[in-house]
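To keep things clear, I will list the structure first and then write my remarks on it.
The values are calculated or read from the model by the stated rules, or taken from the named source; none is laboratory data. Remember, it's a predicted structure, so these values are computed and weren't measured experimentally. Here the Cβ positions follow ideal geometry from the backbone for every residue, glycine too, while neighbour counts run over all protein chains shown.
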Amino acid sequence: MSDHYDVIVIGAGPAGYSCAIRAAQLGLAAACIDKWLNPEGKSSLGGTCLNAGCIPSKALLESSELFERANSEFERHGIQIEQVSLDLAAMQKRKTDIVNELTGGIGSLFKANGVTRLAGSARIHGQGRVSFQPNDGEVSEITADNIVIATGSEPTELSIAPFDGDRVLDSRGALAMTEVPDRLGVIGAGYIGVELGSVWSRLGADVTLLEAVDKFMPIADRGIAEEGLKQFRNRGLDIRLGARVTGVEAGTTGVEVTYESAGETQSQTFDRVVVAIGRKPHTADLLADEVPIELDDRGCIDVGDDFRSSLPGIYAVGDVVGNPMLAHKGMEEGVAVAERLAGQLPHVNYRTIPSVVYTEPEMAWVGDSETDLKASGIDYRSGQIPFAANGRAKALGNQTGFVKILAHAETDEILGAHMIGPNVSELVQEIVVAMEYRAASEDIARIIHGHPTLGETVHEAALAVDGRPIHFPPPKKRG
Ligand code: FAD
Ligand code: NAD
């Protein structure tokens with residue numbers, strides 16, 4: 001092992017592993033240090049995303065959705081199943097197998113690209129100086145021309161409800177439950193609340209989400225957020241908005257949660273409570289005392305456009321630099337900083353980062369919402385088409401939701417798109433590409449979309465911006 005590298009990347013989540021791989025592709029000697037241990041106590045690459053975030057949550061969302069559909073939909077398709085029953089251990093094993101394959105895959109990619117993998121903790125002592133504590137050995141010092149911090153984020157704890165790994169869980173605990181709780185409380189109705197709340201609700205739990213704010217998903221366009229709230233409630237999630245949690249008392253038989261809502265104090269007892277009120281940057285033990293790196297008011301590493309921290313030769317990417325805390329944003333930043341270190345001039349377009357909530361129905365969006373455009377005084381035209389008008393959605397048996405495209409009133413440039421419905425996680429990508437090329441809604445309207453596909457709803461929404469959808473009445477003829 002060489003003790004000096006061109007770049008040391010600290011953290012092997014999406015931001016860090018992408019950075020290390022791209023740096024090695026560009027001919028830099030790259031080492032990536034990560035301390036993550038899986039439940040068997042083995043070093044595991046991929047960070048939160050692969051081990052305890054995006055991937056295991058999507059595995060459980062898929063399994064739980066199939067379980068629910070087998071119970072509620074198969075009969076309509078003419079498929080008779082005598083009795084559908086749940087084998088949660090097998091479901092959890094499938095999730096773990098997927099995680100192990102993908103985290104092992106990052107190890108293979110490191111080998112194939114020549115990235116040096118160092119399993120253990122890193123601490124920065126100054127420009128180019130890192131102490132490395134292997135998971136199973138002595139501390140040593142390694143050096144590099146540049147250091148990239150990609151140490152990610154961790155769940156925010158509620159001071160009145162510290163995580164205890166039993167009654168009061170973080171998202172990692174919520175992904176690993178070995179029994180379906182009868183009554184599950186979730187504090188926070190954001191991404192994690194609705195995704196993991198959906199998983200356990202589909203598997204049979206009574207799920208109550210307590211959300212402090214009185215608007216559902218304030219970061220989303222109001223149209224899809226309101227439709228989402230209605231749909232999730234219809235599917236059994238008891239979402240209580242404007243609920244301010246004031247007490248959480250864990251006992252041997254349950255957790256009593258007290259909250260204030262509309263001026264009244266209420267309380268409810270759950271078997272378990274998941275706290276999902278956001279994530280905070282992970283910088284614990286990362287910086288030696290003598291390293292005065294600047295943090296912002298949320299504790300994120302303060303970086304400029306080029307990902308430089310306040311100290312020369314030290315860069316930061318991914319969740320540790322702040323919102324949006326999304327894997328694909330981190331990957332893009334990781335690649336960009338590697339290219340910058342190799343002398344290139346990359347650019348990350350923050351306007352075209354898609355957001356997806358993997359519930360049923362899915363929600364997805366990119367660009368400005370109507371609220372954003374109104375606040376900026378930008379005139380726009382809107383085209384909105386429901387999946388009820390789509391033949392493929394009918395055949396799938398899923399006609400919930402709609403696609404809305406927002407375009408500049410004069411130039412017709414697409415400024416945003418907001419979708420709720422089947423497979424919108426994939427459909428939004430068409431608009432991401434369109435916005436990246438600064439396309440007009442007319443461009444999408446003139447592109448041939450396969451029939452029958454869900455993408456035809458995107459096409460029709462683009463036609464609707466100009467008031468000329470084919471398979472849905474234009475606004476003035478409706479009703
Ligand atoms: P992380 O993935 O957090 O990785 C940081 C790594 O750094 C960790 O492996 C950690 O062990 C290591 N590390 C930290 N400090 C040190 C140190 N001092 N020395 C050595 N190693 C260190 N995002 C999406 O885009 N789509 C989704 O569907 C999605 N689903 C999610 C579901 C859940 C339940 C959660 C919790 C998150 C989800 N996210 C999702 C968010 C996503 O996981 C994060 O945005 C992403 O993992 C951030 O990547 P990162 O590389 O910045 O950090
Ligand atoms: P979040 O920011 O999405 O939602 C947190 C919610 O908790 C908010 O609605 C907030 O108003 C509410 N809240 C805050 N304090 C509260 C309190 N004291 N009582 C009740 N409610 C409170 O955060 P999250 O759901 O924890 O997820 C963390 C991050 O992980 C997300 O912001 C996102 O960046 C990422 N993530 C992404 C995906 C995805 O892309 N599909 C999935 C899961 C997580």
Counted residues in segment 128-161 being within 16 Å of ligand 2 (Cβ to nearest atom), assigned to a loop (DSSP other than H, G, I, E, B) and touching a residue at least 12 places away in the same chain (Cβ under 8 Å) come to 6
Yes or no: segment 220-231 includes at least one residue that is among the hydrophobic types (A, V, I, L, M, F, W, C) and within 16 Å of ligand 1 (Cβ to nearest atom). yes
Scanning segment 41-56 for residues that are within 12 Å of ligand 2 (Cβ to nearest atom) and among the small types (G, A, S), the one nearest to P422 (Cα to Cα) turns out to be G53
Condition check: farther than 22 Å from I470 by Cβ and in contact with an Asp or Glu (Cβ under 8 Å, 6 or more places away or on another chain). Does G416 satisfy that? yes
Output for segment 423-471, where each listed residue is small (G, A, S), without any contact (Cβ under 8 Å) to a residue 60 or more places away in the chain, more than 14 Å from G367 (Cα to Cα) and crowded, with 16+ Cβ neighbours inside 10 Å: A445, G455
Restricting segment 292-318 to residues that are in contact (Cβ under 8 Å) with a residue 24 or more places away in the chain and more than 20 Å from L341 (Cβ to Cβ), the residue that is surrounded by the most Cβ atoms within 10 Å (Cβ to Cβ): D296
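Every residue in segment 358-400 that is among the charged types (D, E, K, R) and outside any helix (DSSP H, G or I), please.
E360, E362, D368, D379, R381
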Any chance V194 is part of a helix (DSSP H, G or I), in contact with a Phe, Trp or Tyr (Cβ under 8 Å, 6 or more places away or on another chain), within 15 Å of ligand 1 (Cβ to nearest atom) and in the same structural domain as V273 (by TED's automatic domain parsing): yes
Taking V273 and the conditions (1) of a type outside the set (S, T, Y); (2) in a loop (DSSP other than H, G, I, E, B); (3) in contact with a strand residue (DSSP E or B) (Cβ under 9 Å, 6 or more places away or on another chain), which numbered condition does it fall short on, given that it satisfies the others? (2)
Going by what's in this entry, would T96 be described as on the phi < 0 side of the Ramachandran plot, in contact with a helix residue (DSSP H, G or I) (Cβ under 7 Å, 6 or more places away or on another chain) and β-branched (V, I, T)? no
In segment 212-268, how many residues are in a helix (DSSP H, G or I), hydrophobic (A, V, I, L, M, F, W, C) and in contact with an Asp or Glu (Cβ under 8 Å, 6 or more places away or on another chain)? 0
Of everything in segment 401-422, what is of a type outside the set (D, E, K, R), surrounded by fewer than 20 Cβ atoms within 10 Å (Cβ to Cβ) and assigned to a loop (DSSP other than H, G, I, E, B)? Give them in sequence order. A409, T411
If you check A59 against the conditions, is it more than 20 Å from the chain's Cα centre (by Cα) and either more than 22 Å from V357 (Cα to Cα) or within 15 Å of ligand 2 (Cβ to nearest atom) (or both)? no
Segment 267-295: number of residues that are within 16 Å of ligand 1 (Cβ to nearest atom) and more than 30 Å from S198 (Cβ to Cβ): 10
Per-region count, segment 114-127, residues part of a loop (DSSP other than H, G, I, E, B) and within 15 Å of L287 (Cα to Cα): 1
Working only within segment 299-311, note down all residues that are modelled with pLDDT of 95 or more and part of a loop (DSSP other than H, G, I, E, B). G299, C300, D302, V303, F307, S309, S310, L311
So D285, is it closer than 20 Å to A122 by Cβ, outside the structural domain of N398 (by TED's automatic domain parsing), in contact with a strand residue (DSSP E or B) (Cβ under 8 Å, 6 or more places away or on another chain) and exposed (fewer than 15 other Cβ atoms within 10 Å of the Cβ): yes
So, in segment 390-412, how many residues would count as being out of contact with any strand residue (DSSP E or B) (no Cβ under 8 Å at 6 or more places or on another chain) and closer than 12 Å to G455 by Cα? 3
